[in-house]
Structure formats: C-alpha cells, structure tokens
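Visitor: Pasting a structure here, questions to come.
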Amino acid sequence: MILDIKRVSKLDAPTCILGESPMWHSGRKQAFWVDILGDTITAYNLDDGLVKQYDGAQLISLVCQVEGNNELLVAGARGGVGFYNLESHELSLISDLNRSWENHRCNDGTVDRLGNLWVGSTHMDHEPGAGDLYCVSDAWRVSKKIEQVSISNGMCWSADNETMYHIDSPTREIKAFKHNAITGDITFDRVAVQIPASLGFPDGMAMDAKGTVWVAIWGGSGVGGYNALTGQLEHWIPIPAPNVSSCAFVGPELDCLLITTARKEMDEKQLARYPDSGQTFVVKMEVPGLPTYNCRLPIIKSGNE
C-alpha cells in the first residue's frame, strides 16, 4: 500500500537545521519538536496553526511531557537530562547519567508505560560504539540498558508492552528486545527489520495500534511503515526532503503523523534541489498511534540551583 503524496501537508513553521523529537503534549494540546543544532523548541497548534518557539540550550535533543505539570518538559541535552521550563525558557539538568559529556550529547528518547525516561547518547561526531542507551527511573536512578551504540535513535514498545524496539542507525536494523515492564530489564530477541543500504538509514520511529512501526528514513526521502513481525515494508510516505529524521503520532486521537526533517550538512546545490529540507510535515493516518505516556520522574531542582 502506497500512501497518496497529496495527504502529506507541510506545516507553516520555522525551518530546522536538525528537526527531531516530535511528540504530542496532551496537557497543552500541542505538538512539540526540537531543532537540536538550532537550539530551539517549537510548539504547534494543530487546529489553528499557531506556532510558538522557545530558546533551547546545550543542544536539547528530546522533550517529553511531565506528569501533572504543563509548565515543564523533561529534556535531554549535552550534559545529561533534566527539566526545561516553558515559562522561564531555562534548562535545569538533574542527572549527568554518570558519564562524561566533553564529546557527547543526548540523542533520541521516550517514556515507557511506567513513566520512566529512556534516552540514548551519541558522540558529537557519531564515533562508532561511543554511545549508550539508559533508563532513568524512580528517584532519578540511572541504569545502562544497551552499551556501545553509535547513534541511539527510535524507541517504541508493542501494545502488550512485552517487546521494546530500538534503532542504532548505522546498523540499519530495528532490534526487538524482550521487555519486563516491572523491572525494566530488556533481552535481545531478534532483528525485527533490516533496512536495505539502497534506501537509507532508520532514524526516529513510532508504532500504530495495529503493530506497524513507522520509521523515518534518513537519506531516503520518506517514512516507511514496516510490519514488526515480518519485517516487511508495507507502507510508504514520500517526503520532499532527503533527510527525514523522526516521526510521532499527534493530535487528541493520535491519528496524525508528525514528521521532522533536517538540512544539516547540505550544500547550496542540494538545498536548491530540496528546498523543503528542514521543514515539518503532517499526515492524516488511517490507523492511530499507540498511547503515549508522561514522565513520572520526581520534580526536583538541579544541583546548581
């Protein structure tokens, strides 16, 4: 099944250098995404197209909704994870994830059903095996879940919460892990999807209610819908930009797919050919996404406050 390109709409929103981390904020009824290299966070109203931008800091790479507080976002950045205040536009880091950040930053992340934050790290130059995947739970307790990843990207869980999917982009694989929802332990199970080199690199992803994983393909000018059980490509959403970075289900019914792109490291010739690089797109979907969850980490002040 090929989705009609006419269903893809470009949002009237600021151009990103490296758009990432789209998410739906149910409390504020807005879609959010970040521009990592542009140091901005964008909030977008789907109903009227109203846009508000917030100044970022320290290469914020992901934001997530906080349980019971609409003024704060959980954020990952260069230096660790903490809270971004939408009123003061300030980032307060709570945990350094027990690692050095001289040459590293956070990358993609998400929240599981229990409200724990899962976040990956990467080397600033994406050196192979220089990053890790962490889970931050309870009183900001940090557990390293996968070691020596290169570019930790998309994460999602199956509807029954028994399988976690994770992307390390250079491998071109979506790996499936058996997941214990109580302990948070994961065990490698299988390679669920193998992306061919001719298509590009898998980046961010999201799962719908029927078990399709929708994967942003960096270098592939589109979002692929893969059967998570068979690994087969069953759907394709063409995007008029080569470097498609992430996607997430947004809207009150989670029936729209928000898609971010990038224009980093593209020269004038490439940008002239693909002028929509760095734009954000939305697609009305026939199958809604799985429920998203709010981060339940305790709200505390950073150590330097």
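The values are calculated or read from the model by the stated rules, or taken from the named source; none is laboratory data. For clarity, every value in this text was computed on a predicted model and none was experimentally measured. Reconstructed Cβ throughout: ideal geometry from the backbone, glycine too, with neighbour counts over all protein chains shown.
Visitor: Test VAL193 against the criterion of being in a strand (DSSP E or B), more than 15 Å from the chain's Cα centre (by Cα) and touching a residue at least 12 places away in the same chain (Cβ under 8 Å), and give yes or no.
Guide: yes
Visitor: A follow-up question, please. What's the number of the only condition in (1) at pLDDT 95 or above; (2) in a loop (DSSP other than H, G, I, E, B); (3) under 30 Å from MET266 (Cα atoms); (4) not aromatic (Phe, Trp, Tyr) that GLY27 fails to meet?
Guide: Of everything listed in (1) at pLDDT 95 or above; (2) in a loop (DSSP other than H, G, I, E, B); (3) under 30 Å from MET266 (Cα atoms); (4) not aromatic (Phe, Trp, Tyr), GLY27 misses just condition (3).
Visitor: So, one more: Hey, can you tell me all the residues within the stretch 31-59 that are crowded, with 16+ Cβ neighbours inside 10 Å, part of a strand (DSSP E or B) and acidic (Asp, Glu)?
Guide: Scanning the stretch 31-59 gives a single hit, ASP35.
Visitor: Let me ask something additional. Would you confirm, using the coordinates I've provided, whether LYS144 is closer than 22 Å to GLY289 by Cβ and surrounded by fewer than 20 Cβ atoms within 10 Å (Cβ to Cβ)?
Guide: no
Visitor: Same structure again: Can you confirm whether CYS106 is in contact with a strand residue (DSSP E or B) (Cβ under 9 Å, 6 or more places away or on another chain), part of a strand (DSSP E or B) and within 18 Å of ASP203 (Cβ to Cβ)?
Guide: Criteria met by CYS106.
Visitor: Also: Give the residues of the stretch 267-289 that are of a type outside the set (Ser, Thr, Tyr) and within 20 Å of GLY38 (Cα to Cα), sorted by residue number. Give the steps one after another, and end with the answer.
Guide: Kept after step one, since they are of a type outside the set (Ser, Thr, Tyr), are these residues of the stretch 267-289: 267-273, 275-276, 278-279, 281-289.
Residues satisfying the conditions are ASP267, GLU268, GLN270, LEU271, PRO275, ASP276, GLY278, GLN279, PHE281.
Visitor: Residues that are more than 25 Å from TRP118 (Cβ to Cβ): find the strands (runs of 3 or more DSSP E) completely inside the stretch 198-305 holding 2 or more of those.
Guide: Answer list for the stretch 198-305: 233-238, 280-284.
Visitor: Scan the stretch 14-30 for residues that are buried (at least 20 other Cβ atoms within 10 Å of the Cβ) and either on the phi > 0 side of the Ramachandran plot or small (Gly, Ala, Ser) (or both) and jot them down. Even if it seems obvious, please write down each step before you answer.
Guide: Initial filter on the stretch 14-30 (buried (at least 20 other Cβ atoms within 10 Å of the Cβ)): 16, 18-25, 30.
Those that are buried (at least 20 other Cβ atoms within 10 Å of the Cβ) and either on the phi > 0 side of the Ramachandran plot or small (Gly, Ala, Ser) (or both): GLY19, SER21.
Visitor: Assess whether ALA197 counts as being at pLDDT below 95 and loosely packed, with under 15 Cβ neighbours inside 10 Å.
Guide: No; evaluated as a whole, the condition is false for this residue.
Visitor: Test of understanding: among LEU73, LEU114, LEU62, which residue is touching a residue at least 40 places away in the same chain (Cβ under 8 Å), surrounded by fewer than 20 Cβ atoms within 10 Å (Cβ to Cβ), closer than 23 Å to PHE249 by Cα and in contact with a strand residue (DSSP E or B) (Cβ under 8 Å, 6 or more places away or on another chain)?
Guide: Working: LEU73 fails: surrounded by fewer than 20 Cβ atoms within 10 Å (Cβ to Cβ); LEU62 fails: surrounded by fewer than 20 Cβ atoms within 10 Å (Cβ to Cβ).
Among LEU73, LEU114, LEU62, only LEU114 is touching a residue at least 40 places away in the same chain (Cβ under 8 Å), surrounded by fewer than 20 Cβ atoms within 10 Å (Cβ to Cβ), closer than 23 Å to PHE249 by Cα and in contact with a strand residue (DSSP E or B) (Cβ under 8 Å, 6 or more places away or on another chain).
Visitor: So in the stretch 147-172, with the set limited to residues that are touching a His at 6+ places or on another chain (Cβ under 9 Å) and more than 21 Å from ILE36 (Cβ to Cβ), which one is surrounded by the most Cβ atoms within 10 Å (Cβ to Cβ)? Steps first, answer last, please.
Guide: To start, the set of residues in the stretch 147-172 that are touching a His at 6+ places or on another chain (Cβ under 9 Å) comprises 149-158, 161-164, 169-170.
With more than 21 Å from ILE36 (Cβ to Cβ) added as a condition, the list becomes 157-158, 161-164.
Working: TRP157: 20, SER158: 17, ASN161: 14, GLU162: 13, THR163: 21, MET164: 24.
Out of the qualifying residues, it is MET164.
Visitor: Okay, next question. Mind listing whichever residues of the stretch 70-99 are of a type in the set (S, T, N, Q), more than 16 Å from ALA43 (Cα to Cα) and either part of a strand (DSSP E or B) or touching a helix residue (DSSP H, G or I) at 6+ places or on another chain (Cβ under 8 Å) (or both)?
Guide: Matches in the stretch 70-99: SER92, SER95.
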